[in-house]
């Protein structure tokens, strides 16, 4: 009986090690992890996300067209693990109040707008499953803009006279989230 238990535990350990090695050695190379930061007037913003490539796929579109990210469906706003954003001070995130701290950031893409959400559930690896929506802190809807074709998902910051814009660009789609200090 003990022998069967040890064999079962050994098989479970092999599967677990294989899963971790796949994530570290294969998935992370296809969608490398990146950190983008912004710092001004004592406000620091950091976004940690994985950057998938387009690779001749339809990125945003209808499910029937086999889009990688179908309209109206949860997207972790990156690949591999959940995208996380950290604010050093209280901010207005597209006009909604957000306290200083770290959040899981995800999106629901649409043809004309994206719903971007911040959620208090952190440390989610291989975040294919939808978040616990009861932990959503803020949800905003932002218009989609056309952009030059971009092969790799890119999140960047740029400041203008009224706000800091967090730009999310992939394929021919751009969504800008205005962020201001409270």
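Values computed for the structure shown
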{"item": "The chain: calculated mean residue ellipticity at 222 nm from DSSP helix runs of at least 4, using -39500 (n - 2.57)", "result": "-4000 deg cm²/dmol"}
{"item": "Rounded to 10°, Cα long-axis angle of helix 2-21 versus longest principal axis of the chain", "result": "30"}
{"item": "GNM flexibility winner over the chain from 11, 153, 58 (Cα, springs under 10 Å)", "result": "11"}
{"item": "Relative contact order of region 32-181, pairs being alpha-carbon contacts under 8 Å that are 6 or more residues apart, as %", "result": "20"}
{"item": "Gaussian network model of the chain, springs between alpha carbon atoms under 10 Å - residue of 148, 32, 52 with greatest fluctuation", "result": "148"}
{"item": "DSSP-defined beta bridges in the chain - what % are antiparallel, rounded to 5", "result": "95"}
{"item": "Label selected from (1) 21, 19, 18; (2) 33, 21, 15; (3) 24, 19, 18, the criterion being semi-axes √(5λ) of the Cα gyration tensor in Å as computed here", "result": "(2)"}
{"item": "Most mobile listed residue (125, 168, 155) in the chain, GNM with C-alpha springs under 10 Å", "result": "125"}
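Bear in mind these aren't lab numbers, they're just calculated from the coordinates by the rules spelled out. What you see is a predicted model, and the numbers here were worked out from it, not measured in a lab.
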